[in-house]
C-alpha cells in the first residue's frame, strides 16, 4: 500500500473514526478502496467509499443514499439538484445517475505530490453528509410526491436562523477614539428606519464594512456595540465556520442583522502550500459572498462586517464599490480600559483588592499573555473553576500563577535533590534581585517561584505595572535592563554555587538576551555604551533587507562584547548586594512561591541603607516573558 493510502487509512481510523470500514487494495498496490457506512439524521445509512489512486495522487469520495428515482421523475430531480448546487457554497457536488436513479455525493482531492491535508479530507466528508442530509428530503418530495423542484429547494433553504450573540455588548467608554464608528452606528440606525429612498441610505451607511484595527476581539466588540445601538441583531461567525455560512435567506428571518465574520483564510487571495481544492473552495465562497452583498435587500438588511490589520488584508475582489467599500479605524483600548473590562467579565465581587486597585496591570497581563480570543475564553473558564473551588476572592497572584504555569492542574511535584533546589533558588533569586536593583526599586517582580512546570524548574515574573508604565517604546536603558535580568540567573549560579556547578538552566535566558542585543545593534541603531557622551553615533547603519556577511559579523562582534561586559556588571551588582540575593534564595527554599509584597519587604530590609537604591515603592509593576530556569 502506498503512502497516500496509508495516510487515508490512518485518517479513517484516528480522525474520522469510521465504523466497520473495509479496506481493499488492488494487486498492483496502485489503488485502495475504503468502504464504510455512515448513519444519516433520517434513520438510514449512507454507503460510502473512499478511493485512492497512487500514481495520480488522487483521493475520491462517494456517498450514496438509498434512494431510487423513478425514471419519469429523473429530469425533475436533476433540476432540483442543479438548484441545490446553486444554493450552497460547500465543496463537492450531488449527482443523479440517469440510468438507475441513484442519488449521491461526489468529491475529490488531488494532492499532486504534496502531503495530504486530512483537514481537507474531513471537510469534504462532512460537507457531503451535510449536503445530502439537507437536500435529500427535497429530492424525495420531487421524486415521489410530485413537488416542483423550485418549491422543494426553496423549502430546504428556509433554514433556521443562526444563533444570536447572547452576551451583553460592552459600552463605548471601553473604546476611546471611536467617535467615527459611533457616528456609523447612528447612520445604520437611520438606514434601518428609512422607508423612502432606503437604497441611498444603505449605500451611504454601507452594506459590508471592514473594521481596521490590531485586535480582532476589540473589533468584534465594537461591531456588537454598533449593532445594538443601530437596533440590529448581532451574529458572530468563527473563522472555521465562515465558508459554510447559511444563505442570506436564513439571516433575513432575523433582519436587520449584522453578521461579523471573524478574519481568516476566507478573506485572502491565496495561502502558501494550500491544496488546489481548498483554494477553490475559498474562491467559491468569496464569489458567493460578493453575490450576497450585491443582492442586499433594504427591507430585510443583512450587513456583513469583518476586521483586518490593514485594508490590503482583504482580497481585492471583495474591495470595490458595492462590496467591502467602507473601512473604519478601531483603536486598541488602553491597558486601564482593558483591565476594567477583564475585571467586569470575572465579576468585581469575586476580585480582591490586588486586582480591583490595579486594573492597568491586569489589562497588561491579559493583553500580553492571552492575545488570542479562544485562549482568553479558556482563561476565564479556568478562573470560574478556580473561584468555585475556593472560599476567597481572586487575587492578582492567582492570575500571574495561571499565566506562568498554564492551564494544566497538577499537584506540587516531588522535591528534587537539595543541590538542584539550591541552584534553582539562587538562579531565580539572581533574576529577582537584579530586577529590583537595576530599576532602583521600580521593577519588583510580581512573582518568584521554584515550583517547576513542564518547561522550567523555577520562574520570576517581572512587574506588569512597571513595564505597562514603560509602554511599547524600547529605550537603550530598558533594553539593557532586560538583558541584565536575563544574565542574572547564570551570574548568581556562578557567584553562589560556583563556576564548576553552572548548569544549562540559563540557556533560554542567554538566547533571549542575545536576541535583545541583536535587535538593538542590527535593527534599532543602538551602540554599546551609547549612554556615554560621544558614543551614540557609532552604529547608525542598520540592516536593510537581507544582511551581508560583513554586517552579520559586525553585529555579532558587538553583541558578544556587550553581553560579556554586562555580565561583569551583573556579577558586581550581585556581589555588592549578596545579602539581598541570599535572603530571596533562603525564602524560596522555605516557601517555593514569593509574591511581590514579600519581595518588597526583603528589599526594604536589605537595600534600605544602600546609596544605590532610591525606592519608588508603590510604583511597581511590562510583563516580559518570565525569566525562567
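The values are calculated or read from the model by the stated rules, or taken from the named source; none is laboratory data. Small disclaimer: the values here were computed from a predicted structure and weren't measured. Here Cβ is always computed from backbone atoms with ideal geometry, including for glycine, and neighbour counts include all displayed protein chains.
Output yes when any residue across the range 550-557 is under 22 Å from residue 431 (Cβ atoms), part of a helix (DSSP H, G or I) and modelled with pLDDT of 90 or more, and no when none is. No, because not a single residue in the range 550-557 is under 22 Å from residue 431 (Cβ atoms), part of a helix (DSSP H, G or I) and modelled with pLDDT of 90 or more.
Every residue, every condition in (1) under 17 Å from residue 134 (Cα atoms); (2) surrounded by 15 or more Cβ atoms within 10 Å (Cβ to Cβ); (3) at pLDDT 90 or above; (4) in contact with a strand residue (DSSP E or B) (Cβ under 7 Å, 6 or more places away or on another chain), yes or no:
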site	(1), (2), (3), (4)
29	no, no, no, no
36	no, yes, no, yes
44	yes, no, no, yes
55	no, no, no, no
59	no, yes, no, yes
75	no, no, yes, no
83	yes, yes, no, no
89	yes, yes, no, no
92	yes, yes, no, yes
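Are any of the residues in the range 566-582 modelled with pLDDT under 90, outside any loop (DSSP other than H, G, I, E, B), more than 34 Å from the chain's Cα centre (by Cα) and closer than 26 Å to residue 497 by Cβ? Scanning the range 566-582 turns up no residue that is modelled with pLDDT under 90, outside any loop (DSSP other than H, G, I, E, B), more than 34 Å from the chain's Cα centre (by Cα) and closer than 26 Å to residue 497 by Cβ.
Residues of the range 9-20 that are assigned to a loop (DSSP other than H, G, I, E, B) and farther than 17 Å from residue 129 by Cα: 20 alone. Return a yes/no flag: does the range 413-420 have any residue that is modelled with pLDDT of 85 or more, surrounded by 13 or more Cβ atoms within 10 Å (Cβ to Cβ) and in a helix (DSSP H, G or I). Checking the range 413-420: at least one residue is modelled with pLDDT of 85 or more, surrounded by 13 or more Cβ atoms within 10 Å (Cβ to Cβ) and in a helix (DSSP H, G or I). Summed over the range 392-412, the residues that are in contact with a helix residue (DSSP H, G or I) (Cβ under 9 Å, 6 or more places away or on another chain), part of a loop (DSSP other than H, G, I, E, B) and at pLDDT 85 or above give a count of 2. Say whether the condition of being within 14 Å of residue 599 (Cβ to Cβ), assigned by TED's automatic domain parsing to the domain that holds residue 494 and part of a helix (DSSP H, G or I) is met by at least one residue in the range 437-447. Taking every residue of the range 437-447 in turn, at least one turns out to be within 14 Å of residue 599 (Cβ to Cβ), assigned by TED's automatic domain parsing to the domain that holds residue 494 and part of a helix (DSSP H, G or I). Residue count for the range 448-465 satisfying the condition of being modelled with pLDDT of 80 or more and surrounded by 24 or more Cβ atoms within 10 Å (Cβ to Cβ): 9.
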